[in-house]
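Remarks on the structure that follows.
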Amino acid sequence: MATNRYQESARLLDRAKQVLASGVSSEFRKYNHPHAIFYTHGKGSRIYDVDGNEYLDFTLSQGPLIVGHSHPAVLGAIQEYATQGQLFAGQHLKEIELAEKLHQLIPSAKLMRFCLDGSEAVQTAFRVARAKTGKPKFLRFEGHYHGWLDNVAWGISTPSVDALGSREHPNAYPWSDGLSAHSREEFIILPWNDIELVRQTVAENHAELAAIITEPVMCNSGCIAPQAGFLEGLRELCDTYGIALIFDEVITGFRLGLGGAQQYYGITPDLSIFAKAIASGYPISAIVGKREWMEEIETARVIHAGTMNAGNATVAAALATIGVLEQDPDAYNRMFRLGRKLMQGLQEAAEKTGQPLLVQGLGPMFNTSFTRLEQVRDYRDTLSNDKAKLNTFIAGLHDRGVRVIGRGLWYISAVHTDEEIEQAIAVATEVLSLM
Ligand SMILES: Cc1ncc(COP(=O)(O)O)c(C=O)c1O
């Protein structure tokens, strides 16, 4: 495929590199194909770049665009509310309405605070857990992404399985230079989905554990569902030892349903984090939780602040996004059905073309990887994936107008259609047959 398909993006990237570090505003945006791409606009399930290429978009901007690009109800609500001001350094009516809505929808959301993004809401949850329990550490899992700040920037990027060490006492590999040396002392890390190992570790270390944090579905590495009994086991351990169970629902929130993974799996965490799909791409996140935990913030024993929190446009975007999903009673059924149809189509295409493609996930989000394993159970399994092959697959899709997150993650929106799913399967079949 001709590389000049991206020539205007390449030209703009050269220009951007003069003033933006490596030409982008987030590390992940570098890893597009064949380099960072500049876009002009998005509409529904489609996004358009500066070279005039159109893409069927399964990245949904890394998850937030659950009702697609430029949904008129979302843009209309923002326009209307933003004419009354941007940010008041004070409260406004729609902020209560949004909190009341989350309270009604999310099982654990008895009390909440709004922040700007997932990373800072995760840190707020740690602070609450430490304050209430008086204990210093949290337990987290290999391959789970909880943002880019120091104490969670470990164990998500590893050169090889060997570098991880034993399952019982893993080495957490740093994702970045410049992390605070103390940040490694803040957590214990384990492979995910192994409740016996967690049980043993918590029994030995509970005196210093304030929290266990988990993505309820390990979306960021392989899109792995929890094994039967795993989340229940975490809940039980946290109850036994006075530890906060934190669900990081930054991806699963509003994606598995309006009540998130906690409703889907019927497990109520003490604290949880919602971001991404809550507001169609506007910067808002929420730390929500049971009253007895969130009281730490209510009483100001724990300080939470932020100049830009809950601005008019972001709150209006969140309310409108939830409104669109609520007014479409078939939205979640459709996202599950279309996602599963696409998963099945991709798996069949792989079988037809003899490619070792593994398609794993729940439907509204799923992952594609190249591996001979029948199932990927944890982060260690994902390290044996053939990344070069995945890159060829993703690049082939992109060159043919199907945009997927580079690490193989696909998101389905409420505006994708059956025809588009069939189109994606046809394109993927062609790409796989050429590989
Ligand atoms: C599960 C999870 N937690 C936290 C974050 C961090 O959120 P943000 O990028 O909004 O800071 C992400 C981002 O992808 C995520 O997937």
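The values are calculated or read from the model by the stated rules, or taken from the named source; none is laboratory data. Owing to the predicted nature of the structure, the values given are computational and were not obtained by experimental measurement. All Cβ positions, even for glycine, are placed from backbone atoms using ideal geometry, and neighbour counts span all protein chains on display. Ligands, DNA and RNA are stripped out before the accessible areas are found, and what is left, the full protein with its side chains, is counted by its heavy atoms. Shrake-Rupley method; radii C 1.70, N 1.55, O 1.52, S 1.80 Å.
State whether the residues of the stretch 134-147 include one that is of a type outside the set (Asp, Glu) and in a helix (DSSP H, G or I).
No, that holds for no residue.
Can you pull out the residues in the stretch 21-39 that are over 18 Å from Gly396 (Cβ atoms) and surrounded by fewer than 20 Cβ atoms within 10 Å (Cβ to Cβ)?
Result: Ala21, Ser22, Gly23, Val24, Ser25, Ser26, Glu27, Phe28, Arg29, Lys30, Phe38, Tyr39.
Just to verify a result, which residue in the stretch 70-90, among those that are surrounded by fewer than 18 Cβ atoms within 10 Å (Cβ to Cβ) and not in a loop (DSSP other than H, G, I, E, B), is modelled with the lowest pLDDT?
In this case the residue turns out to be Ala82.
When residues of the stretch 130-163 are filtered for being in contact with a strand residue (DSSP E or B) (Cβ under 8 Å, 6 or more places away or on another chain) and polar (S, T, N, Q), how many remain?
2
Can you pull out every residue in the stretch 54-69 that is open to solvent by 50 Å² or more (accessible area, probe 1.4 Å) and in a loop (DSSP other than H, G, I, E, B)?
Those that are open to solvent by 50 Å² or more (accessible area, probe 1.4 Å) and in a loop (DSSP other than H, G, I, E, B): Ser61, Gln62.
Which of the residues belonging to the stretch 312-334 are in contact (Cβ under 8 Å) with a residue 12 or more places away in the chain and open to solvent by 10 Å² or more (accessible area, probe 1.4 Å)?
Result: Ala313, Thr314, Leu319, Ala320, Gly323, Val324, Glu326, Asp328, Tyr332, Arg334.
Among the residues of the stretch 275-294 satisfying the criterion of being more than 18 Å from Val324 (Cα to Cα) and hydrophobic (A, V, I, L, M, F, W, C), which is surrounded by the fewest Cβ atoms within 10 Å (Cβ to Cβ)?
Among them, the one singled out is Met294.
Starting from residues that are surrounded by fewer than 20 Cβ atoms within 10 Å (Cβ to Cβ) and away from the ligand (no atom under 13 Å from the Cβ), keep the ones in the stretch 114-132 and report whichever is farthest from the chain's Cα centre (by Cα).
Ranking the candidates gives Ala131 first.
Suppose we filter the stretch 362-373 for residues that are in contact with an Asp or Glu (Cβ under 8 Å, 6 or more places away or on another chain) and either assigned to a helix (DSSP H, G or I) or among the aliphatic types (A, V, I, L, M) (or both); how many remain?
1
Could you give me the residue pairs with C-beta distances under 7 Å whose first residue belongs to the stretch 116-143 and is of a type in the set (Asp, Glu), whose second residue is within 14 Å of the ligand (Cβ to nearest atom) wherever it lies, and which are 6+ apart or on separate chains?
If the second residue must be within 14 Å of the ligand (Cβ to nearest atom), the pairs left are Asp117/Ala275; Asp117/Pro283; Asp117/Ser285; Glu142/Gly155; Glu142/Trp192; Glu142/Tyr379.
Could you tell me whether Gly242 is within 14 Å of the ligand (Cβ to nearest atom), modelled with pLDDT of 95 or more and not assigned by TED's automatic domain parsing to the domain that holds Leu65?
It is false that Gly242 is within 14 Å of the ligand (Cβ to nearest atom), modelled with pLDDT of 95 or more and not assigned by TED's automatic domain parsing to the domain that holds Leu65.
If you take the residues in the stretch 160-182 that are touching a residue at least 24 places away in the same chain (Cβ under 8 Å) and in contact with a Pro (Cβ under 9 Å, 6 or more places away or on another chain), which one is most open to solvent (accessible area, probe 1.4 Å)?
Within the stretch 160-182, the match that is most open to solvent (accessible area, probe 1.4 Å) is Arg167.
For the stretch 295-311, give me each residue that is surrounded by 15 or more Cβ atoms within 10 Å (Cβ to Cβ) and of a type in the set (D, E, K, R).
The answer is Glu295, Glu296.
Tell me, which helices (runs of 4 or more DSSP H) lie completely within the stretch 249-361 with 3 or more residues that are within 16 Å of the ligand (Cβ to nearest atom)?
260-265, 312-326
Among the candidates Leu149, Leu190, which residue alone is over 19 Å from the mean Cα position of the chain (by Cα) and either open to solvent by 30 Å² or more (accessible area, probe 1.4 Å) or away from the ligand (no atom under 16 Å from the Cβ) (or both)?
Leu190
Please specify each residue of the stretch 40-53 satisfying the condition of being buried (at least 16 other Cβ atoms within 10 Å of the Cβ) and assigned to a strand (DSSP E or B).
Of everything in the stretch 40-53, those that are buried (at least 16 other Cβ atoms within 10 Å of the Cβ) and assigned to a strand (DSSP E or B) turn out to be Gly42, Gly44, Arg46, Ile47, Tyr48, Asp49.
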